[in-house]
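One structure is given here, and the rest of the page talks about it.
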Amino acid sequence: MGVLHKLLSASLVMLSAWSADVPAQAWPTRPISLVVPFAAGGPTDVVARTLAASMSKTLGQTVIVENKVGAGGTIAAAFVAKAAPDGYTLFIHHNGMATSTALYRKLPYDALADFEYIGQAVDVPMTLLARKDFPANNLTELIAYVRANQDKINLANAGLGAVSQLCGLMFERALGVKFTAIPFQGTAPAMQALLGGQVDLLCDQTTQTIPQIKAGSVKFYGVTTRNRIKALPEAPTLAEQGLKDFEVLVWHGIYAPRGTPRPVLASLNAALRTALKDPDVTRRMAELGAEVVPESKQSPEGLQTWLKSEIDKWGPVIKAAGAFAD
Ligand code: MLT
């Protein structure tokens, strides 16, 4: 009996050690899906595809980008929150992960409780643009023009929860004006509408706008960062042109559904950190004005702390602005 008991205990110990190691050994055996909450070809998609290509090399499996659009990113967040926590579904999102918690009265997920944190990736400046034939040629002219014609002007965005919406809202509040909002499922289609002259204004990330600014296919009024950026050194900030304290920086985090095994999360974090040092990634990001975040933010704890602080920061601002949806 004693011998049998010992044998049984030994097998149980071996079995539990094996189970704990299984995810790390057996995963990934098939492609991993990285869910992007906005349209293909747009700023979030560009960051996601650049990271996915590098992470695929490290993980030995393809990381496939899957665009799940709608409701300012909240449809994708709800999808990932309910996905199997098996390491085959990941999520990339930006500031909208925090702002949506205040913008929507009811969300079918809890941004803090329903996800595992993998790490932050890059920060991206925004730019304020108009269609090429818009009457204002610089920020001073733009401010005068929109104050006189606000009821005739529309502003494209990617819905409530998108940073284009947040940036537009901040611009309206800074000037005390209100435009007609035209929502798209991402700023990729919003940019097409701007290029086609169907919408007037768009506030969007450099990861999409730098090629258009350099080609001169849009009117460009400045960057939304505190300081000028390396990728557009001649471009003034909106703040230095008189919109004091106007600052929007877009941060990106990578998440997994709550309950994803720890060894899998550790491997994903390692693959993310490797990607953020990959010269193909750093070169592409620098060309598009994006900056890799410091190592402390690349950790799961760094992302979790940051998300919490962003929820605390934006909640009161959004409530004061009164911009809500059900
Ligand atoms: C996108 O990827 O289309 C943008 O990040 C949407 C947005 O403005 O937030």
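Laboratory data are not the source of any read-out in this text; all were calculated from the coordinates shown. Model, not experiment: these values are computed from the prediction. So basically every Cβ, Gly included, is an ideal-geometry build from the backbone, and we count neighbours across all protein chains shown.
What do you get for the angle between helix 43-59 and the principal long axis of the chain? Use alpha-carbon atoms, 0 to 90 degrees, nearest ten.
Once rounded, the angle reads 30 degrees.
Sorted by packing (mean other beta-carbon atoms within 10 Å per residue), highest first, where do 311-319, 299-307 land? Before the final figure, lay out each step's value.
Values: 311-319: 14.6, 299-307: 18.6.
The most tightly packed comes first, giving 299-307, 311-319.
Sort 100-110, 132-142 by packing, meaning the average of other beta carbons within 10 Å per residue, with the highest value first. Show your work: numbers first, answer last.
Values: 100-110: 16.6, 132-142: 14.7.
My ranking of the peptides, most packed first, is 100-110, 132-142.
With viscosity set to 1.306 mPa s and temperature to 10 °C, compute the Stokes-Einstein D of region 225-289, Rh being the Kirkwood radius across alpha carbon pairs; µm²/s, no decimals. Please list the in-between numbers first.
Values: Rh = 14.9 Å.
Calculated translational D: 107 µm²/s.
After finding the eigenvalues of the alpha carbon gyration tensor for region 132-184, what semi-axes result from the square roots of 5 times each, listed largest first in whole Å? Kindly include the intermediate steps, with their values, before the conclusion.
Details: eigenvalues 73, 28, 21 Å².
That gives 19, 12, 10 Å for the three semi-axes.
Taking the Cα atoms of the chain, report the difference between the largest and smallest coordinate on each principal axis, in whole Å and largest first.
For the chain, the Cα spread along each principal axis is 92, 41, 31 Å.
Please give the helix 206-215 orientation as an angle from the longest Cα principal axis of the chain, in degrees from 0 to 90, rounded to the nearest 10.
40 degrees
Which aspartates and glutamates does residue 132 reach when only Cα atoms under 16 Å apart count, and residues fewer than 8 places away in its own chain are ignored?
Candidates past the 8-residue exclusion: 141, 200, 204.
Between region 116-187 and region 252-326, how far is it from one alpha carbon centroid to the other, in angstrom?
Their Cα centres are 23 Å away from one another.
How high is the relative contact order of the chain, given as a whole-number percent (alpha carbon pairs under 8 Å, six or more residues apart)? Provide the component values of the computation, followed by the final result.
Values: 649 pairs, mean separation 89.1, N = 326.
Relative CO of the chain lands at 27 percent.
State the percent of C-alpha pairs, over all pairs in region 215-326, separated by a distance greater than 24 angstrom.
Details: 2879 of 6216 pairs.
Result: 46 percent of Cα pairs exceed 24 Å.
Rounding to the nearest 20 debye, state how big the charge dipole of the chain is about its Cα centre with +1 on each Lys and Arg Cβ and -1 on each Asp and Glu Cβ. Mind showing how you got there, number by number?
Working: 30 positive and 27 negative charges, 25 e Å.
For this selection, approximately 120 debye.
Quantify how much of the Cα-Cα distance distribution of region 131-274 extends past 28 Å, in percent.
Details: 2608 of 10296 pairs.
Cα-Cα pairs in region 131-274 separated by more than 28 Å: 25 percent.
At a Cα cut-off below 22 Å, give the lysines reachable from residue 297, other chains included and same-chain residues fewer than 8 away excluded.
Correct list for residue 297: 230, 277, 308, 313.
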